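**Student:** Structure provided below as structure tokens; questions to follow.
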Amino acid sequence: MARYRNLDDAKSLRDRCDARESDLFNTRDELEILRPRHGRDETGDEKDVPWVARRAEGINIKQLQDLSSDSKDEIQIFFIRQDRSWTTLNITRKLFEDVLSRFQIFQPFWRCAFTFGRKFKENNFEFPPFHFRWSSKEVFECTYVLRRIELHNRTPAEGQGLWSPRQSAVYHRSDLSGQTPDRFVIIAPSESGEDMLEQLLEFAREESQTASPFNIHRILIADSLKNWQEYLSSLETKLKDQSDQAVLAKVGAEKDRENVPPQMDFNINFLDRQRLKQLKDSVIDAQVIFHSMTNYTKGIRVQAERYCKYRHLASGIECDCISILDEFDLHIAEVELHIKRTSMLNDRAEATAKLLSDLLQYEEAVALKKLGHESQKETVAMYSLTEQSTKDAKAVKILTIITLVYLPTTIVANFFSTQFVHFDNDGNLQVSSSAWMLAAFAIPLTAITVAIWWTWVRFFTEVEIPLTQEVTFTHINRLDSFRSIFSKQKRQSSDLETGSNVSTISPQPLIGPVPMRATYSGGRAHQRAFGQTLRPSGIVALPPSPKNE
């Protein structure tokens, strides 16, 4: 049977590295190493004395060659720095690739390295899962990306909080045969994590023991978990404040602000909905991170148990692996608790968001209702003005008719004033024998004038109404407006509300904008026609006056 071989897609990896080179690597090398070394006496000879932690900075390629051939170290921890998040790593591509090739680091570590570098926004789904590999029963490798939360200690911009997510990539290679030391490569470690690693090596020196490699994993995971509880507490506080503001806010009715204390004077607007959306996004991001933490913590725990089985139990070596495994179990339980809490925070955020949306919709409905009341008041006022204008038009109409009646007589009287009526020398009124001519000329002229006016209004006064859709015409029967003035019997209303004197023409389909004509005669029907509103369904009368309701 053919042997198992690890086949990685080197070409695709190189293409991706070429595309990200300018954003991932820097032009300076700041590779550091933390290594416990045997102490030496005054003569320089090695003694069986406790180890001491030594740190070397600015390691070059020649030093890497020496480190790879040095079998006296038990553990070598390499640090690759990053000045700040979302910037390039302080290492050149050449040195980085030389580290990977010289220490035979498997290619999945590149996936962790690609999560660093210059970028403009965070994507929580670009982080790879926990990856491990046993090349044989003696060589073990694993890599993963730690996610932690830290205070960024800067003035937050609009929509930003006081916390920022950070990341550290971890690689571990262990040779159970003991021919090479356990090697770690940590990208962008936290300051507290480095301090804890130095304390671990110092503790091992005091106890004259070798630090367990999985104890280093335990410390790194514990360091990444330390601030998440405080962060979730801050999210819960913000969500509680948003929820209280939504519950206590007064909407729909005018508030008596003079009697409301400032701490209880809550208002809601669309900005509150935006802030709540930002909080909900933060909760979802935390959920994604916690699931990733569960993945690599459980993976490391399983591999730690397997490592102990091959390295310690098979050789009968005493170890503290049980305590380390218990610590991993505690970390897994803590992460699972965080997942449950973020789920509850997400439920609270959704409930608050629904309440805010309902309140905003209610406020909008109240505003529309107020607008409707104001529009109704304006309509009543306009109707009153229209009614008053109609009365004024009636009065003007009557005055116009009276003027038309007396106009011919006035003309004739002015023309013949000095001929038909005069006073004699004794002051007596004298009527000329030709006075009959005044009536003979005035009466026919009056009749002719009124007839011309009535004929013009009845047959030549038209209103053109362009209609572009299927409509129903309501034709008002022409009424003799002239006779209605002198009618002794009060005629009933003939508007559209009573339905009298109204005939309906069935709708006819129209193709295109066809101009239609609706002819209205004079009199009351003429007045109503100009006092009504035309709609596609016909002519609709104005609402009744409030005083008639």
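The values are calculated or read from the model by the stated rules, or taken from the named source; none is laboratory data. Bear in mind that the values here come from a model prediction, so they are computed numbers and not experimental data. Because the Cβ atoms are built from the backbone with ideal geometry, glycine has one as well, and the counts that use them run over all protein chains shown. The accessibility values were calculated without ligands, DNA or RNA, using every heavy atom of the protein model including side chains. Shrake-Rupley method; radii C 1.70, N 1.55, O 1.52, S 1.80 Å.
**Student:** Only one of these is surrounded by fewer than 16 Cβ atoms within 10 Å (Cβ to Cβ), in a helix (DSSP H, G or I), touching a residue at least 24 places away in the same chain (Cβ under 8 Å) and within 42 Å of the chain's Cα centre (by Cα): ILE332, ILE284, ILE300. Name it. If you could, list the steps in order and put the result at the bottom.
**Tutor:** Numbers: ILE332 fails: surrounded by fewer than 16 Cβ atoms within 10 Å (Cβ to Cβ); ILE300 fails: surrounded by fewer than 16 Cβ atoms within 10 Å (Cβ to Cβ).
Just one listed residue meets the conditions, ILE284.
**Student:** Show the residue pairs that are 6+ apart or on different chains and have beta-carbon atoms under 7 Å apart, the first residue being within the range 218-231 and at negative phi and touching a residue at least 12 places away in the same chain (Cβ under 8 Å), the second being part of a loop (DSSP other than H, G, I, E, B) and of a type in the set (Ser, Thr, Tyr).
**Tutor:** ASP223/SER190
**Student:** Taking into account only those residues within the range 443-464 that are of a type in the set (A, V, I, L, M) and at pLDDT 80 or above, which is nearest to LEU404 (Cα to Cα)?
**Tutor:** In the first step, residues of the range 443-464 are kept if they are of a type in the set (A, V, I, L, M); the result is 443, 445, 447-448, 450-452, 457, 463.
Add one more test, that the residue is at pLDDT 80 or above, and what stays is 443, 445, 447-448, 450-452.
On the way: ILE443: 12, LEU445: 10, ALA447: 10, ILE448: 11, VAL450: 7, ALA451: 11, ILE452: 11 Å.
Once the filter is applied, the top-ranked residue is VAL450.
**Student:** Test of understanding: among LEU407, LEU345, LEU356, LEU325, which residue is assigned to a helix (DSSP H, G or I), hydrophobic (A, V, I, L, M, F, W, C), modelled with pLDDT under 85 and in contact with an Asp or Glu (Cβ under 9 Å, 6 or more places away or on another chain)? Explain how you work it out, then say what you get.
**Tutor:** Values: LEU407 fails: in contact with an Asp or Glu (Cβ under 9 Å, 6 or more places away or on another chain); LEU345 fails: modelled with pLDDT under 85; LEU325 fails: modelled with pLDDT under 85.
Just a single option satisfies the conditions, and that option is LEU356.
**Student:** Could I ask something else about it? Condition test on SER323, is it without any contact (Cβ under 8 Å) to a residue 40 or more places away in the chain and small (Gly, Ala, Ser)? Write out each step before concluding.
**Tutor:** Details: without any contact (Cβ under 8 Å) to a residue 40 or more places away in the chain: yes; small (Gly, Ala, Ser): yes.
It is true that SER323 is without any contact (Cβ under 8 Å) to a residue 40 or more places away in the chain and small (Gly, Ala, Ser).
**Student:** Does ARG118 qualify as being surrounded by fewer than 17 Cβ atoms within 10 Å (Cβ to Cβ), out of contact with any Asp or Glu (no Cβ under 8 Å at 6 or more places or on another chain) and more than 30 Å from LYS238 (Cα to Cα)?
**Tutor:** Details: surrounded by fewer than 17 Cβ atoms within 10 Å (Cβ to Cβ): yes; out of contact with any Asp or Glu (no Cβ under 8 Å at 6 or more places or on another chain): no; more than 30 Å from LYS238 (Cα to Cα): yes.
Considered against the rule, which asks whether it is surrounded by fewer than 17 Cβ atoms within 10 Å (Cβ to Cβ), out of contact with any Asp or Glu (no Cβ under 8 Å at 6 or more places or on another chain) and more than 30 Å from LYS238 (Cα to Cα), ARG118 comes out as no.
**Student:** Among the residues of the range 76-111, which ones are open to solvent by less than 40 Å² (accessible area, probe 1.4 Å) and among the charged types (D, E, K, R)?
**Tutor:** ARG93, ASP98
**Student:** Looking for something of a type in the set (Asp, Glu) and either within 60 Å of the chain's Cα centre (by Cα) or open to solvent by 50 Å² or more (accessible area, probe 1.4 Å) (or both) - is there at least one such residue anywhere in the range 405-425? Can you show your working first?
**Tutor:** Just the residues of the range 405-425 that are of a type in the set (Asp, Glu), to begin with: 424.
Checking the rest, the ones that are also either within 60 Å of the chain's Cα centre (by Cα) or open to solvent by 50 Å² or more (accessible area, probe 1.4 Å) (or both) come to none.
The answer is no; no qualifying residue exists.
**Student:** Being modelled with pLDDT of 90 or more and under 24 Å from SER292 (Cα atoms) is the requirement here; does PHE114 meet it? Steps first, please.
**Tutor:** Values: modelled with pLDDT of 90 or more: yes; under 24 Å from SER292 (Cα atoms): yes.
So PHE114 fits the description; yes.
**Student:** Return yes or no: is ALA222 in a helix (DSSP H, G or I), within 22 Å of PHE116 (Cα to Cα) and either in contact with a Cys (Cβ under 9 Å, 6 or more places away or on another chain) or open to solvent by less than 70 Å² (accessible area, probe 1.4 Å) (or both)?
**Tutor:** Numbers: in a helix (DSSP H, G or I): yes; within 22 Å of PHE116 (Cα to Cα): yes; either in contact with a Cys (Cβ under 9 Å, 6 or more places away or on another chain) or open to solvent by less than 70 Å² (accessible area, probe 1.4 Å) (or both): yes.
Yes, satisfied.
**Student:** Could you please give the count of residues in the range 82-109 that are farther than 29 Å from TRP134 by Cβ and outside any helix (DSSP H, G or I)?
**Tutor:** Adding up the residues that qualify gives 9.
**Student:** CYS112 is checked against (1) within 38 Å of the chain's Cα centre (by Cα); (2) outside any helix (DSSP H, G or I); (3) not aromatic (Phe, Trp, Tyr) and fails just one. What number does that condition carry?
**Tutor:** (2)
**Student:** Hey, could you check the range 435-462 for residues that are among the β-branched types (Val, Ile, Thr) and loosely packed, with under 12 Cβ neighbours inside 10 Å and say which is farthest from ALA413 (Cα to Cα)?
**Tutor:** In the first step, residues of the range 435-462 are kept if they are among the β-branched types (Val, Ile, Thr); the result is 443, 446, 448-450, 452, 455, 457, 461.
Adding the requirement that they be loosely packed, with under 12 Cβ neighbours inside 10 Å leaves 448, 452, 455.
Numbers: ILE448: 17, ILE452: 22, THR455: 27 Å.
Checked the range 435-462; the qualifying residue farthest from ALA413 (Cα to Cα) is THR455.
**Student:** So THR27 fits all but one of (1) exposed (fewer than 10 other Cβ atoms within 10 Å of the Cβ); (2) modelled with pLDDT under 85; what number is the exception?
**Tutor:** All conditions pass for THR27, except number (2).
**Student:** Which of (1) in a helix (DSSP H, G or I); (2) under 30 Å from SER212 (Cα atoms); (3) open to solvent by less than 60 Å² (accessible area, probe 1.4 Å) is the odd one out, the single condition ALA381 does not satisfy?
**Tutor:** Tallying (1) in a helix (DSSP H, G or I); (2) under 30 Å from SER212 (Cα atoms); (3) open to solvent by less than 60 Å² (accessible area, probe 1.4 Å), ALA381 fails exactly one: (2).
**Student:** Identify, by number, the condition in (1) assigned to a strand (DSSP E or B); (2) more than 30 Å from ASP285 (Cα to Cα) that PHE79 doesn't meet.
**Tutor:** (2)
**Student:** Among residues belonging to the range 203-219 that are assigned to a helix (DSSP H, G or I) and under 16 Å from ILE300 (Cβ atoms), point out the one that is most open to solvent (accessible area, probe 1.4 Å).
**Tutor:** Narrowing the range 203-219 to residues assigned to a helix (DSSP H, G or I): 203-207, 213-219.
The next check asks that each one be under 16 Å from ILE300 (Cβ atoms); those that pass are 213-219.
On the way: PRO213: 9, PHE214: 6, ASN215: 20, ILE216: 1, HIS217: 0, ARG218: 54, ILE219: 12 Å².
Per the criteria, the residue is ARG218.
**Student:** Listed residues LEU220, LEU225; which is in contact with a strand residue (DSSP E or B) (Cβ under 7 Å, 6 or more places away or on another chain) and of a type in the set (A, V, I, L, M)? Give the derivation first.
**Tutor:** Numbers: LEU225 fails: in contact with a strand residue (DSSP E or B) (Cβ under 7 Å, 6 or more places away or on another chain).
Exactly one of LEU220, LEU225 is in contact with a strand residue (DSSP E or B) (Cβ under 7 Å, 6 or more places away or on another chain) and of a type in the set (A, V, I, L, M), namely LEU220.
**Student:** Of all residues being of a type in the set (A, V, I, L, M) and part of a strand (DSSP E or B) in the range 148-202, which is modelled with the lowest pLDDT? Just the residue, please.
**Tutor:** LEU151
**Student:** Give just the number: which of (1) over 30 Å from ASP281 (Cα atoms); (2) out of contact with any Cys (no Cβ under 9 Å at 6 or more places or on another chain) does ILE324 not satisfy?
**Tutor:** (2)
**Student:** Criterion first (closer than 30 Å to LYS11 by Cβ and outside any strand (DSSP E or B)) does SER136 satisfy it?
**Tutor:** Details: closer than 30 Å to LYS11 by Cβ: yes; outside any strand (DSSP E or B): yes.
Judged against the criteria, SER136 is a match.
**Student:** Counting only residues that are within 23 Å of the chain's Cα centre (by Cα) and open to solvent by less than 80 Å² (accessible area, probe 1.4 Å), how many does the range 335-366 have?
**Tutor:** Let us first name the residues in the range 335-366 that are within 23 Å of the chain's Cα centre (by Cα), namely 342-365.
Pick out the ones that are also open to solvent by less than 80 Å² (accessible area, probe 1.4 Å) and you get 342-343, 345-346, 349, 351-353, 355-360, 363, 365.
Number of matching residues: 16.
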